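Before any comments, here is the structure.
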Amino acid sequence: MSATATGESAENPLVAGLERLPVHPTSLVIFGGTGDLAHRKLLPALYNLAHEGALPERFEMIGVARREKEDEAFQDMARESIERYSRTKPDPDVLEGLLSDMRYVPGAFDDDEVYAELERTLKQFDEQAGEQLDRVFYLSTAPQFFPVIAGKLGEAGLNRAEQAEVRIVIEKPFGYDLASARSLNTEVLGVFEESQVFRIDHYLGKETVQNLMALRFANALFEPVWNRNFIDNVQITAAEDIGIEGRAGYYEGAGALRDLVQNHMLQLLALLTMEPPAAFEANRLRDEKLKVLEAIVPPAPEEVGAMAVRAQYAPGVSGGSEVPGYREEEGVAADSRTETYAALRLHVSNWRWAGVPFYLRTGKRLARKVTEIAVTLKPVPHLAFQSSGSVGVQCNQIVLTVQPDEGVSVSLGAKIPGPRMRIRPVNMEFRYGTSFMSQSPEAYERLILDAMRGDATLFTRNDEIEALWGVIDPILTAWHEDTSSPIPEYPAGSAGPAQADQLLDGDRHWRRL
Ligand code: BG6
């Protein structure tokens, strides 16, 4: 099919949206094509790419899943997903154009016939196009199928093509701990070259996360103070107000540390603390992230208690309604020890960051949804104002809000009008919504496009994924081995457990949620 844009304002540079970058004609195969992620994110993202005219001129898609169904039933399901979750109201022509070339292949992921059928269908697409299309295999299945699918693609010879690029996109979680991530890397890299592998972390596709690099490396203002001499501490928060939303099957085996810290939060930390890459290019950027991740010293077993706190939500009130505690959620064991909240104090042991604490916290059923990075600078070395007038002086803080109300704010000390020198903090704000007058594309739109273009800058490399696991592996082990001490609780809808305050040194406190 050929995708057409409905054409927002292409001329206005502030409403650029997804640029129409050149993308080679591509066949995209989504394993787990009827699953929750496909339903809520991937299919709507594909629609939005089509809507913006960002899909390649020739684009074909195949959904693969266990359930028996015909192409038409899959297309109906996709239509429903798109109508429900697309960020733009579907244009009937664009939608039908996209759906008409969707195919469906039913079967178990370890069944050779599935791969034979895939090969036949992909060849058909190539013949119709009169050229070999690039192929992207997107693994959006339960993680135990990742090695199975990669292996079967290899056996069927689908891991290479003579005249086209073949890529594999692998969803999270990539591994369950350091050892399983290593073994998954070995299995995948036994079939594909690293340059073909795209490990997804959807946070890297968020505009505001990329803006972290723009803020640091496109402004002369911040980088000179971005170090231990000027920065006192950093807080990274990824709070959610939702509970586990019927995902007990996955969440019970995961917990907050694996679900959000190992990937999204440590990625934020890496981008915040890495050295400037010489070029915004996949391996240059990932080399720098790797270096800084390797500088985070994982805690020794006996240090875990002092630098990591876990907790579970108890019954409470969220969004004005009473909600159950974690252990009362459907599918959760009554004696579950899975954490729905994790807070850590980490250190980056290198010249730039020695001595600066990085406080991370994440949790389900907290007071509100907010993802932000708050960088607090050190106090000024000397205050010339009379002590009575300077009570309002606070340290400068740079807050990057990833979501919602995406933007950056810098707090400054300002004089309160009047005869005395009285100071109070004021904010200087930049908000995406007002500065760019456009809705940011969804992270998945950007990442699917990048995978089709073969740009791995915003994907996690094999060594990097192992470094990420390396940071949290000792904490996972310590928590796993501790089967008796009570897990702290926090009421649903609150700011989290009081125990997390113990991680903060001196008179520091967590930012208000
Ligand atoms: C996913 C986690 O990776 O990220 C979910 O598995 C979490 O548990 C989600 O809710 C949060 O993503 P976002 O984009 O809503 O911040």
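Using the structure shown, decide if ARG216 is within 12 Å of the ligand (Cβ to nearest atom), within 27 Å of GLU445 (Cβ to Cβ) and surrounded by fewer than 20 Cβ atoms within 10 Å (Cβ to Cβ). Taking the combined requirement at face value, the residue does not satisfy it.
Residue by residue, here is whether (1) closer than 20 Å to GLY454 by Cβ; (2) at pLDDT below 95; (3) surrounded by 17 or more Cβ atoms within 10 Å (Cβ to Cβ) holds:
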residue: THR26; (1), (2), (3): yes, no, yes
residue: ALA38; (1), (2), (3): no, no, yes
residue: GLU57; (1), (2), (3): yes, yes, no
residue: MET61; (1), (2), (3): yes, no, yes
residue: GLU72; (1), (2), (3): no, no, no
residue: ILE82; (1), (2), (3): no, no, yes
residue: ALA108; (1), (2), (3): no, no, no
residue: GLU113; (1), (2), (3): no, no, no
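Look at segment 241-267: where a residue is without any contact (Cβ under 8 Å) to a residue 12 or more places away in the chain and within 14 Å of LEU360 (Cα to Cα), no partner that is more than 8 Å from the ligand (Cβ to nearest atom) and of a type in the set (Lys, Arg) sits 6+ places away or on another chain with Cβ atoms under 6 Å. Residue under question is THR186, and the condition is that it be modelled with pLDDT of 95 or more, within 15 Å of ILE465 (Cα to Cα), surrounded by fewer than 22 Cβ atoms within 10 Å (Cβ to Cβ) and among the polar types (S, T, N, Q); does it hold? Yes; evaluated as a whole, the condition is true for this residue.
Specify which of the listed residues (ASP455, ASP450, ASP405) is over 30 Å from SER494 (Cβ atoms) and assigned to a loop (DSSP other than H, G, I, E, B). Talk me through it step by step, then tell me what you get.
Working: ASP450 fails: assigned to a loop (DSSP other than H, G, I, E, B); ASP405 fails: over 30 Å from SER494 (Cβ atoms).
It is ASP455.
State whether one or more residues within segment 428-437 are in contact (Cβ under 8 Å) with a residue 40 or more places away in the chain and within 16 Å of the ligand (Cβ to nearest atom). Yes - at least one qualifying residue is present in segment 428-437. Give the residues of segment 247-258 that are within 21 Å of PRO491 (Cα to Cα) and either crowded, with 23+ Cβ neighbours inside 10 Å or more than 8 Å from the ligand (Cβ to nearest atom) (or both), sorted by residue number. If the condition is that a residue be within 21 Å of PRO491 (Cα to Cα) and either crowded, with 23+ Cβ neighbours inside 10 Å or more than 8 Å from the ligand (Cβ to nearest atom) (or both), then ALA248, TYR251, GLU252, GLY255, ALA256, LEU257 are the ones that fit.
Of the set (1) at pLDDT below 95; (2) farther than 17 Å from LEU504 by Cβ; (3) assigned to a loop (DSSP other than H, G, I, E, B), all apply to ALA354 but (1).
Screening the candidates TRP469, TRP479 for the property of being among the aromatic types (Phe, Trp, Tyr), over 17 Å from the mean Cα position of the chain (by Cα) and buried (at least 18 other Cβ atoms within 10 Å of the Cβ) yields one hit, TRP479. Report, by residue number, each residue of segment 139-171 that is charged (D, E, K, R) and modelled with pLDDT of 95 or more. Matches in segment 139-171: LYS152, GLU155, ARG160, GLU165, ARG167, GLU171. Scanning segment 367-401 for residues that are among the aliphatic types (A, V, I, L, M) and at pLDDT 95 or above returns ALA367, VAL370, ILE373, ALA374, VAL375, LEU377, ILE398, VAL399, LEU400. From the list GLU194, GLU207, the lone residue that is away from the ligand (no atom under 16 Å from the Cβ), of a type in the set (D, E, K, R) and touching a residue at least 12 places away in the same chain (Cβ under 8 Å) is GLU194. From the list MET265, MET274, MET307, which one is over 21 Å from the mean Cα position of the chain (by Cα) and either within 13 Å of the ligand (Cβ to nearest atom) or modelled with pLDDT of 95 or more (or both)? The conditions single out MET307.
A count restricted to segment 418-444 and to residues that are modelled with pLDDT under 90 and part of a loop (DSSP other than H, G, I, E, B) stands at 10.
Select, from ALA334, ALA354, the only residue that is loosely packed, with under 15 Cβ neighbours inside 10 Å and either in contact with an Asp or Glu (Cβ under 7 Å, 6 or more places away or on another chain) or free of Cβ contacts under 8 Å to residues at least 24 places away in the same chain (or both).
Within the list ALA334, ALA354, the selection yields ALA334.
Answer yes or no as to whether PRO486 is over 30 Å from PHE59 (Cβ atoms) and surrounded by fewer than 16 Cβ atoms within 10 Å (Cβ to Cβ). Taking the combined requirement at face value, the residue satisfies it.
When restricted to residues that are surrounded by fewer than 16 Cβ atoms within 10 Å (Cβ to Cβ) and within 16 Å of the ligand (Cβ to nearest atom), segment 222-246 contains 3. Considering the conditions (1) at pLDDT 95 or above; (2) part of a loop (DSSP other than H, G, I, E, B); (3) more than 16 Å from the ligand (Cβ to nearest atom), ARG327 is excluded by exactly one of them, (2).
Taking segment 337-351 as the range and being buried (at least 18 other Cβ atoms within 10 Å of the Cβ) and of a type in the set (A, V, I, L, M, F, W, C) as the test, the residues that pass are ALA342, ALA343, LEU344, LEU346, VAL348. Contact map, segment 66-90: residues that are at positive phi paired with residues that are among the small types (Gly, Ala, Ser), Cβ distance under 8 Å, separation 6+ or inter-chain. No pairs are found.
Of the residues GLY413, GLY392, the single one that is without any contact (Cβ under 8 Å) to a residue 40 or more places away in the chain, of a type in the set (Gly, Ala, Ser) and part of a loop (DSSP other than H, G, I, E, B) is GLY392.
The values are calculated or read from the model by the stated rules, or taken from the named source; none is laboratory data. Every value quoted in this text rests on a predicted model; they were computed, and no experiment measured them. When we count neighbours, we look across all protein chains shown, and the Cβ atoms used for this are built from the backbone with ideal geometry, even at glycine.
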